[in-house]
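Visitor: One structure follows; several queries about it will come next.
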Amino acid sequence: MVPRRLLIPPAWLGVWVFLAMTGVTQAASLSVLSWNIQRGIGDTAANSTTQAALANVVNYLNPDVWTINELGADTPTYSPTTALNSLQSFVSTRLTIFGANPVLGSDYYVYLGTYTDGYLANAIVSRYPLLSTRSYSDAGGGYRSLRGMAFAVVDVPGTTNDVGIFTMHLKSGSLTADAARRQAEATANRTTIANWMTQNPRLGAIVTGDFNESEDPPDGDNWSGGVLGGTITLGNNTTATYQPVTTIRSAGLTDPVPVSLSGDNDTISSSSPNDRFDYVLHGGNGLTYQTGQVFDSRRYTATQLNAINAANGLTFTTGTSAAASDHLAVFGAFAVVPEPHVLCLIALAAGLLLLRARRGRRIS
């Protein structure tokens with residue numbers, strides 16, 4: 001006979017079942033890796049010699065979502081079919097985070113941005129389903145769209161809140177013409193992000209990418225003909241304040257500033273980083289930043305790397321990050337909480353069940 005003290009009262013069992021059904025018995029989380037892969041995947045002319053190093057980092061960080069900049073090659077032959085095939089091949093032969101022999105559309109999901117410069121595109125890879133996808137134009141200030149901004153809504157398990165993921169790759173180069181276009185793109189993307197957040201107030205947003213600019217002291221800016229906060233003339237002869245990173249943040253985004261093992265937030269160049277070009281920002285409802293890092297294998301000792309390799313079946317050396325790309329990878333992990341009204345319903349249901357249990361004990 002089961003001792004009475006081990007029996008679960010029916011009301012408490014109802015509370016437990018209710019919480020389990022609503023997915024609140026465990027915290028939902030979402031991790032995101034932002035990385036400019038320097039054309040290591042995406043074309044028959046891609047620099048595939050970097051793929052082993054790329055895979056080491058992705059497998060170790062094990063992100064739920066991987067946002068990719070510079071999917072393509074050094075030649076103006078970008079093809080979405082070729083890019084998808086190349087990315088699928090990389091995932092199935094190099095990555096382990098989606099299981100053995102992963103199947104696109106079942107074990108992992110991919111969205112390729114539709115705006116390209118003929119060479120490069122943005123992409124989003126996710127272990128969770130993508131509920132909707134879209135490519136936004138970054139045209140503005142007298143400029144046509146360049147690489148645009150890729151977007152997907154990720155279906156995060158364990159919560160009623162989904163998360164919108166944006167990734168962009170702003171214009172490179174330090175000439176005034178480059179800086180002007182970069183500022184115009186930042187302004188266009190900021191408007192898109194802010195509008196989406198206004199239209200989807202219950203959802204969180206994570207914004208990643210290579211912004212090709214740093215506004216972090218003591219970093220040098222990427223405009224050779226001017227300074228951060230200066231006035232710049234755009235392609236339509238209007239003027240703007242040159243602060244592309246500040247512009248993007250002003251959509252209502254928080255910058256948690258992940259750092260490397262040595263406390264450095266710089267991401268370019270990977271062999272000797274001295275500026276931060278790559279970002280993982282967040283905003284909107286239901287997202288709490290938990291932890292993150294700029295992954296730089298040079299910051300680990302040989303003993304630490306040997307331990308990582310032994311525990312994960314990897315082949316890190318101190319030079320792995322530099323061998324993978326000229327950019328360092330940036331990783332962020334977030335808690336995704338249920339919507340406030342769901343929490344209220346849960347609390348109300350639990351309270352009613354508890355009251356019922358107490359009344360039942362009085363009657364008996």
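Visitor: Which one of Asp210, Asp117, Asp296 has the biggest mean-square fluctuation once the chain is modelled by GNM with Cα springs under 10 Å?
Guide: Maximum fluctuation in the GNM of the chain, among the listed residues, is at Asp117.
Visitor: Divide by every residue of the chain the summed helix terms, -39500 (n - 2.57) for each DSSP H run of at least 4, and state the resulting mean residue ellipticity at 222 nm, rounded to the nearest 500 deg cm²/dmol.
Guide: It comes out at -9500 deg cm²/dmol, rounded to the nearest 500.
Visitor: Which order do Asp138, Asp264 fall in if you start with the one that has the fewest other Cβ atoms within 10 Å?
Guide: Ascending number of Cβ neighbours within 10 Å: Asp264, Asp138.
Visitor: Can I ask one more? To the nearest 10 degrees, how steep is helix 10-22 against the longest Cα principal axis of the chain, on a 0 to 90 scale?
Guide: So the inclination is approximately 10 degrees.
Visitor: For percent of Cα pairs over 38 Å apart, pick the label among (i) 24; (ii) 8; (iii) 12 that corresponds to the value derived from the coordinates.
Guide: After the calculation, the listed value that fits is (i).
Visitor: Relative to the longest principal axis of the C-alpha atoms of the chain, give the angle of the C-alpha long axis of helix 302-312, reported between 0 and 90° and rounded to the nearest 10°.
Guide: Long axis of 302-312 versus the principal axis of the chain: about 50 degrees.
Visitor: Using the Cα centre of the range 26-337 as the reference point, and only Cβ charges (+1 on K/R, -1 on D/E), how large is the resulting charge dipole? Debye, rounded to the nearest 20.
Guide: Using Cβ point charges on Lys, Arg, Asp and Glu, the range 26-337 gives about 460 debye.
Visitor: In whole percent, what relative contact order does the chain give with Cα contacts below 8 Å and a gap of six or more residues?
Guide: Over the chain, the number comes to 19 percent.
Visitor: Gap in Å between the Cα centre of the range 122-152 and the Cα centre of the range 273-297?
Guide: 19 Å
Visitor: From the square roots a ≥ b ≥ c of the eigenvalues of the alpha-carbon gyration tensor of the range 134-204, which class results: rounded (a/c under 1.5), prolate (a/b over b/c), or oblate?
Guide: prolate
Visitor: On a 0 to 90° scale, report how tilted helix 176-199 is relative to the longest principal axis of the chain, with both axes built from alpha carbons and the result rounded to the nearest 10.
Guide: Helix 176-199 sits at roughly 20 degrees to that axis.
Visitor: Would you grab the residues whose amide H sits under 5 Å from the one on Gly284? Only those 5+ places off in sequence or on another chain, please, with H modelled 1.01 Å from N.
Guide: Ala205
FYI, it's all coordinate maths here, none of it is from the lab. Keep in mind the model is a prediction, meaning the values are calculated, not measured. Cβ: placed from backbone, ideal geometry, glycine included. Neighbour counts: every protein chain shown.
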